[in-house]
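Undergrad: What follows is a structure written as structure tokens; I'll ask about it next.
The values are calculated or read from the model by the stated rules, or taken from the named source; none is laboratory data. Quantities reported herein were computed from a predicted structural model and do not represent experimental measurements. Here the Cβ is made from the backbone with ideal geometry for all residues, glycine too, and neighbour counts use every protein chain on show. Heads up: the accessible areas ignore ligands, DNA and RNA and are worked out on the full protein's heavy atoms, side chains in. Shrake-Rupley method; radii C 1.70, N 1.55, O 1.52, S 1.80 Å.
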Amino acid sequence: MRPLYGVQGVLIETLDGQIVSSQNEHEQFNPASTMKLATAFMALRTLGPDHRFATAVWTDGQLDKATGSINGNLYISGRDPSFHYEHAILIARELNALGIKQVTGDLFVAPSFTMNFSGSAKRSGEQFYDTLDSTLRSAAAVQAWNYERTLLNDAAGLQNVPSVAVMGGVGVGPVAPGAKLLLTQRSSRLVDILKVLLCYSNNFMAERIGETLGGPESVRQQLTAALDLAPDDLKISTLSGLGVNRVSPRVMMKIYRALIAELQKHQLAPSAIMPVAGIDPGTLEDRFTGLAWRGSVIAKTGTLLRTDGGASSLVGEMHTATGETLLFVIMNQRGSVARFRENQDYLVMLAQNSRGGPKAFDYKPSMLTMQLLHTESVVAGVDEFEPESTPK
């Protein structure tokens, strides 16, 4: 092994809490994106794995059934962190099923509404506006819709072109008093969103879910109380792991164990939300890829190239040939991130080899793109907006 420069913290334990290896376990490090594990734990604990984020469509106008026009405005509310092109086109199809083809007024999106991982409500509203209308729809939006319909074996969806033209402009604002609810689209389950979030380490989705939980300070206080931590055990500036956060390997191990316990309450394994090395696409796709090691590590990576002189972490669990599962936290900073990763992999494989070598977890992968396709839609059932047919 080449010399490792920088600062390192390590904690490897058996499932029953016996220490296998430790180094600077009580020193605080920058966890980088492994902070997302704390965000995931609090989201599951607060919202539950089956939680779905709602996007609602409203109008303050009336439908002219002869022309298919709403004489009024359209309003969009919600804070779905996974809302994308295909979800907007699905809303267009559902509006078409209600007999709506055109809106004479303006489109207003709530200040909390975002689309395509854009933090700007105005920009998100503009993308939604264009995506609703087939004459303005981008090639990327068409591709996303066709890909989703293909995966869902929806032949009819590929043949029909949903479209709703809004004749006015785009604004950001609340739903008008007295507006009627047309329909509600609900996202995929939280557990599916977390799988995508953690595999790709999506900062935007983590921050959006964190906002739902009350923000960094609220999550810090909730974690401190839930895990019986000291006030200074955890310092959180962002719930995605960007910037300067502080946690020790010992406290991160408590967070990971709490996450495992929360998943177990719902009969879920860590692989339900975390990347499996060498199998799932994303941050662990190209690590532990050797034939013996593939699928034997479930973990969350963390990387900051410049903050704290370069920070890298790996937190999760490994499976061994003896059938044992070991939990581990490895944190590094002030050095080469590439070298840190190399060393983290070495330490994990060393621990596995000390117990007969690696063994793959029992895991059946699925396409991550499928994780966000299982949305649900509910028509409000207002008399003048009865659906012509049931959307698929």
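Undergrad: Can you find a residue in region 113-125 that is open to solvent by less than 30 Å² (accessible area, probe 1.4 Å), closer than 30 Å to ASP280 by Cα, assigned to a helix (DSSP H, G or I) and in contact (Cβ under 8 Å) with a residue 12 or more places away in the chain?
TA: Within region 113-125, one or more residues are open to solvent by less than 30 Å² (accessible area, probe 1.4 Å), closer than 30 Å to ASP280 by Cα, assigned to a helix (DSSP H, G or I) and in contact (Cβ under 8 Å) with a residue 12 or more places away in the chain.
Undergrad: Go through region 328-342 and give me each residue that's open to solvent by 10 Å² or more (accessible area, probe 1.4 Å) and touching a strand residue (DSSP E or B) at 6+ places or on another chain (Cβ under 7 Å).
TA: GLN333, ARG334, VAL337, ARG341
Undergrad: I'm checking my understanding of the structure. Among residues of region 134-170 that are among the charged types (D, E, K, R) and not in a helix (DSSP H, G or I), which one is modelled with the highest pLDDT?
TA: Filtering first and then ranking leaves ARG137.
Undergrad: Considering only region 209-243, state which residues are within 18 Å of SER112 (Cβ to Cβ) and among the small types (Gly, Ala, Ser).
TA: Once the filter is applied, which keeps residues that are within 18 Å of SER112 (Cβ to Cβ) and among the small types (Gly, Ala, Ser), region 209-243 yields GLY210, GLY214, GLY215, SER218, SER240.
Undergrad: Right, next: Take the residues in region 1-47 that are hydroxyl-bearing (Ser, Thr, Tyr) and under 27 Å from the mean Cα position of the chain (by Cα), then tell me which one is surrounded by the most Cβ atoms within 10 Å (Cβ to Cβ).
TA: Checking each candidate, the answer is THR34.
Undergrad: Still on this model: I'd like the full set of residues that are in a strand (DSSP E or B) and either without any contact (Cβ under 8 Å) to a residue 24 or more places away in the chain or open to solvent by 20 Å² or more (accessible area, probe 1.4 Å) (or both), limited to region 245-259.
TA: The one that is in a strand (DSSP E or B) and either without any contact (Cβ under 8 Å) to a residue 24 or more places away in the chain or open to solvent by 20 Å² or more (accessible area, probe 1.4 Å) (or both): ARG246.
Undergrad: Turning to a different aspect of this structure: Out of the residues in region 64-80 that are farther than 12 Å from LYS180 by Cα and outside any strand (DSSP E or B), which is farthest from the chain's Cα centre (by Cα)?
TA: Top of the filtered list is ALA66.
Undergrad: Would region 353-372 turn up any residue that is at pLDDT below 95 and buried (at least 18 other Cβ atoms within 10 Å of the Cβ)?
TA: yes
Undergrad: Further question on the same structure: Is region 37-50 home to any residue that is closer than 30 Å to HIS266 by Cβ and free of Cβ contacts under 8 Å to residues at least 12 places away in the same chain?
TA: So far as region 37-50 goes, no, none of its residues is closer than 30 Å to HIS266 by Cβ and free of Cβ contacts under 8 Å to residues at least 12 places away in the same chain.
Undergrad: Got a number for residues in region 51-78 being in contact (Cβ under 8 Å) with a residue 40 or more places away in the chain and of a type in the set (Asp, Glu)?
TA: Summing the residues that are in contact (Cβ under 8 Å) with a residue 40 or more places away in the chain and of a type in the set (Asp, Glu) in region 51-78 gives 1.
Undergrad: Same structure again: Given the options THR325, THR289, THR301, name the one that is among the hydroxyl-bearing types (Ser, Thr, Tyr), in contact with a Leu (Cβ under 8 Å, 6 or more places away or on another chain) and surrounded by fewer than 18 Cβ atoms within 10 Å (Cβ to Cβ).
TA: THR325
Undergrad: In region 132-147, what residues are touching an Asp or Glu at 6+ places or on another chain (Cβ under 9 Å) and either surrounded by fewer than 13 Cβ atoms within 10 Å (Cβ to Cβ) or closer than 16 Å to GLU94 by Cα (or both)?
TA: Scanning region 132-147 gives SER138, TRP145.
Undergrad: Here's something else I'd like to know. So, in region 272-284, exactly how many residues are small (Gly, Ala, Ser) and buried (at least 21 other Cβ atoms within 10 Å of the Cβ)?
TA: Residues that pass the stated criteria total 1.
Undergrad: Do the conditions hold for ASN96, that is, is it closer than 24 Å to HIS374 by Cβ, open to solvent by 10 Å² or more (accessible area, probe 1.4 Å) and assigned to a helix (DSSP H, G or I)?
TA: Answer is yes for this residue.
Undergrad: Another question, if that's okay. Limited to region 214-234, what total is found for residues that are under 20 Å from ARG257 (Cβ atoms) and either assigned to a loop (DSSP other than H, G, I, E, B) or open to solvent by 20 Å² or more (accessible area, probe 1.4 Å) (or both)?
TA: Of the residues in region 214-234, 11 are under 20 Å from ARG257 (Cβ atoms) and either assigned to a loop (DSSP other than H, G, I, E, B) or open to solvent by 20 Å² or more (accessible area, probe 1.4 Å) (or both).
Undergrad: Those residues that are within 27 Å of the chain's Cα centre (by Cα), over 17 Å from LEU95 (Cβ atoms) and open to solvent by less than 40 Å² (accessible area, probe 1.4 Å), I need them from region 150-170; list them, please.
TA: Residue satisfying the conditions is ASP154 alone.
Undergrad: Could I ask something else about it? Failed condition for THR104, given (1) closer than 22 Å to ASN160 by Cβ; (2) of a type in the set (Ser, Thr, Tyr); (3) open to solvent by 30 Å² or more (accessible area, probe 1.4 Å), with all others met?
TA: Among (1) closer than 22 Å to ASN160 by Cβ; (2) of a type in the set (Ser, Thr, Tyr); (3) open to solvent by 30 Å² or more (accessible area, probe 1.4 Å), the lone unmet condition for THR104 is (1).
Undergrad: A further question follows. Which of the residues spanning region 173-188 are in contact with a helix residue (DSSP H, G or I) (Cβ under 9 Å, 6 or more places away or on another chain) and either aromatic (Phe, Trp, Tyr) or open to solvent by 10 Å² or more (accessible area, probe 1.4 Å) (or both)?
TA: Within region 173-188, just LYS180 meets the criteria.
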